[in-house]
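The next block holds one structure in the form of structure tokens; read it before the comments.
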Amino acid sequence: MSVFVIAEAGVNHDGDVERARALIDAAVRAGADAVKFQTFKSEELVARDAAKAEYQKRTTGAEEDQLAMLMRLELDRDAHHRLIAHCREQGIAFLSSPFDLASVAFLKDELGLDTLKIASGEITNAPLLLEAARGGTAIILSTGMSSQDEVEEALGVLAYGYLEPARRPGRDSFQQAFASAEGRAALADRVTLLHCTTEYPAPIEDANLRAIEILRQAFNLPVGLSDHTPGVLASVAAVALGATVIEKHITLDRNSPGPDHAASLDPQGFAELVESIRATEAALGDGVKEPRPSEMGNRAVARKALRARSAIVKGQSFTADNLAALRPGDGLSPMDWWERLGRPATRAYAPGEAIE
């Protein structure tokens, strides 16, 4: 199964629906499987006194607060309908990350999404996780800033939401749901984890890609990467490590003012990412160790066969002095060297002639 590539448009549309449509078109041309946006009501997402993150201050200035910034980037309901329709026309999957309960309901009930992407910042937001999972919605869960224990807690909430047990929600109920065979089966059917380092851009030395295998072993779930590092190296390495999903920010212009542009790939860079991922998939092969078709023609040329080092007369014994292993390998394998030593030649051999 091919790696699923998500072009994270996020808020790189800067609140402009036409720019959002252009991001969809760029994702299609680049070969992405899905394009993802962010769905939120700004006043349900941040308090009025919430400060910006340091990377947001660097890219958008420190004068406005986080609420004012998000209000500029918010897409209304009509914009969502227009964008999902454009995705259908272009043949690319539409995804979005909800950041509040109303947005969860909107994406599931009004837009009819059967898969939600949960951002790293929401991994401890149990009410949102619970509503996201109810009804059996598939979840792609980013795990940036999280410990393994926090990932497990989040999965417990999702398992509870899938099972919808009668007992009251709470930490104990979530833990019981996660520990149950039914809960683990529900997670296995519906949840993909994304390893992530939540910084924009993330230092390559903080990518910690070995955590992909740790998460896979710990939870027996498919694991991918939400990549915030510069360039394509981390994503390609993640594919080699078995990542099933790669998510990467896409922008029309990395120099645009906005929180995520500088940590994104432009359309050409995203196309190179997809090309590199597909080449890596091809290079990984099927894992069966056997000669590949392209190398079969070289086997006789590169390998050796037993040949006469010097003239050998009929009846003369083969010895280490009159035998040699020489190219081409179109005769008796040198693996039979010791079986030939001491045996009489059944006919005469000229120097260099293949031993029968």
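Observations on the model:
- Note, ³J(HN,Hα) from phi for segment 73-89, Karplus 6.51, -1.76, 1.60, rounded to Hz, x at Gly and Pro: 9, 6, 9, 7, 4, 4, 4, 4, 4, 5, 6, 5, 5, 5, 4, 4, 5
- Near ILE246, the amide H atoms lying under 5 Å from its own belong to PHE4, VAL5, ILE6, LEU225; only residues 5 or more places off or on other chains count, and H is placed 1.01 Å from N.
- Ignoring aspartates and glutamates fewer than eight residues from LYS57 along the same chain, the ones with Cα atoms less than 20 angstrom from its Cα are ASP14, GLU43, ASP49, ASP65, GLU74, GLU199, ASP253, ASP260.
- For the chain, built as a Gaussian network whose Cα springs stay under 10 Å, the top-fluctuating residue of ARG340, ARG254, ARG88: ARG340
- Modelled FRET efficiency - R0 41 Å, TRP337 with GLU213, Cβ distances, 0.05 increments: 0.45
- GNM result for the chain, Cα springs below 10 Å: residue of SER96, SER142, SER256 fluctuating most strongly: SER256
- Among beta bridges identified by DSSP and lying wholly in the chain, the antiparallel ones come to about 20 percent.
- Part-to-part distance (alpha-carbon centres) for segment 305-327 and segment 182-200, which is given in Å: 64 Å
- Distant-in-sequence amide H partners of ILE118 (H built 1.01 Å from N, under 5 Å): ILE140, LEU141, SER142
- Distance between modelled label sites at GLU353 and ARG72, nm, 7 Å Cα→Cβ extension: 8.8 nm
- If you plug the beta carbon distance of ALA282 and GLU54 into 1/(1 + (r/R0)^6) with R0 = 41 Å, you get a FRET efficiency near 0.55.
- Checking every one of the GluC sites (Glu not before Pro) in segment 161-257 against DSSP loop status and a limit of 11 other Cβ atoms within 10 Å picks out no site at all.
- Applying a DSSP loop filter and a limit of 16 other Cβ atoms within 10 Å to the trypsin sites (Lys or Arg not before Pro) in segment 208-251 leaves ARG210.
- Flagged links, alpha-carbon separation over 18 Å, of LYS52/LYS117; LYS36/LYS117; LYS52/LYS108: LYS52/LYS117; LYS52/LYS108
- Centroid-to-centroid, using Cα positions, segment 108-163 and segment 238-286 are 24 Å apart.
- DSSP-assigned coil residues among GluC sites (Glu not before Pro) in segment 27-123, each with at most 10 further Cβ atoms within 10 Å: GLU63
- For ASP65, the amide hydrogen comes within under 5 Å of no other amide hydrogen, counting only partners 5 or more places away or on other chains and with H modelled in the peptide plane.
- Spatially proximal aspartates and glutamates relative to LYS314 (Cα-Cα < 20 Å; intrachain offsets below 8 disregarded): ASP336, GLU339, GLU353, GLU356
Quick note: the coordinates plus some simple rules give every number you see, no bench work behind them. What you are looking at is a predicted structure, and each value in this text was computed from that prediction instead of being measured. Heads up, the Cβs are rebuilt from the backbone with ideal geometry, glycines too, and the neighbour counts pull from every protein chain shown.
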